[in-house]
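Here's a structure for you.
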Ligand code: AMP
């Protein structure tokens, strides 16, 4: 089962990818997460890419394609994978299909208003990476329910950067959707509502 999930920032791609990954026992791959980890480790790639993502701009295709290609060679991808937040350009989509098979592309759609509200209110745990949103806040403000770790806001989740991320998303998404639709791979899922309901919708569409 080789899957892709795309959608605007805040559509719930990360949360739904984790559920899909557990349910189908496939690897969860988020190039955005890999970029943040590389930056934390201060690798050359991590430092180069940070210049782009910090302001909400896309990281160059070739850099992302290299990361994805390398990651797909790892053992845990043998049974399949869910790619979260990739591709973000038509070029990435076209080049990806030259080196990988693909079963379905899930488009998780939500209105911009919800996107902005979710993202600017999103907080991540610095210890265990748990994610909280205005819809599911932590019990104690700024503290993780699971491990008592300190919560922080992602650098690119500020209102100004989110608006730029959304602008870029709308500018680039249509050719990608047309491409996957043409390949008969695209399924559209409404991303509004609670996590369980959205996951149910996804499972129905993947059957
Ligand atoms: P994400 O965690 O998926 O929201 O990604 C965070 C940031 O990483 C994005 O705003 C982009 O700057 C960069 N990024 C992640 N995936 C891609 C991609 N497929 N192509 C280009 N840039 C990406």
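Residue-wise test of (1) under 21 Å from residue 205 (Cβ atoms); (2) touching a residue at least 40 places away in the same chain (Cβ under 8 Å); (3) surrounded by fewer than 18 Cβ atoms within 10 Å (Cβ to Cβ).
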residue	(1), (2), (3)
19	yes, yes, no
31	no, yes, no
46	no, no, yes
85	yes, yes, no
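Among the residues of region 59-76, is there at least one that is more than 14 Å from residue 8 (Cα to Cα), near the ligand (Cβ under 10 Å from one of its atoms), outside any helix (DSSP H, G or I) and in contact with a helix residue (DSSP H, G or I) (Cβ under 6 Å, 6 or more places away or on another chain)?
Within region 59-76 (the criterion being more than 14 Å from residue 8 (Cα to Cα), near the ligand (Cβ under 10 Å from one of its atoms), outside any helix (DSSP H, G or I) and in contact with a helix residue (DSSP H, G or I) (Cβ under 6 Å, 6 or more places away or on another chain)), the answer is yes, since at least one residue qualifies.
What residue, of 56, 12, is surrounded by 19 or more Cβ atoms within 10 Å (Cβ to Cβ), touching a residue at least 40 places away in the same chain (Cβ under 8 Å) and more than 19 Å from residue 201 (Cα to Cα)?
Answer to the selection: 56.
Checking the condition free of Cβ contacts under 8 Å to residues at least 60 places away in the same chain, within 16 Å of the ligand (Cβ to nearest atom) and out of contact with any strand residue (DSSP E or B) (no Cβ under 7 Å at 6 or more places or on another chain), which residue from 167, 113 passes? It would help to see each step written out before you state the result.
Numbers: 113 fails: within 16 Å of the ligand (Cβ to nearest atom).
Unique residue meeting the criteria: 167.
A further question on this structure: Across region 26-58, what is the total count of residues that are out of contact with any strand residue (DSSP E or B) (no Cβ under 9 Å at 6 or more places or on another chain), in a loop (DSSP other than H, G, I, E, B) and near the ligand (Cβ under 9 Å from one of its atoms)?
Summing the residues that are out of contact with any strand residue (DSSP E or B) (no Cβ under 9 Å at 6 or more places or on another chain), in a loop (DSSP other than H, G, I, E, B) and near the ligand (Cβ under 9 Å from one of its atoms) in region 26-58 gives 5.
While we're looking at this one, here's another question. For region 116-128, give me the residue count where each residue is closer than 19 Å to residue 33 by Cα and in contact (Cβ under 8 Å) with a residue 40 or more places away in the chain.
In the first step, residues of region 116-128 are kept if they are closer than 19 Å to residue 33 by Cα; the result is 118-128.
The next check asks that each one be in contact (Cβ under 8 Å) with a residue 40 or more places away in the chain; those that pass are 118-120, 122.
So the count comes out to 4.
Readers should treat all values here as calculations from the given coordinates under stated rules, not as data from a laboratory. The structure presented is a predicted model; accordingly, all values stated were derived computationally and were not measured. FYI the Cβ positions are ideal-geometry reconstructions off the backbone, even for glycines, and counts take in every protein chain you see.
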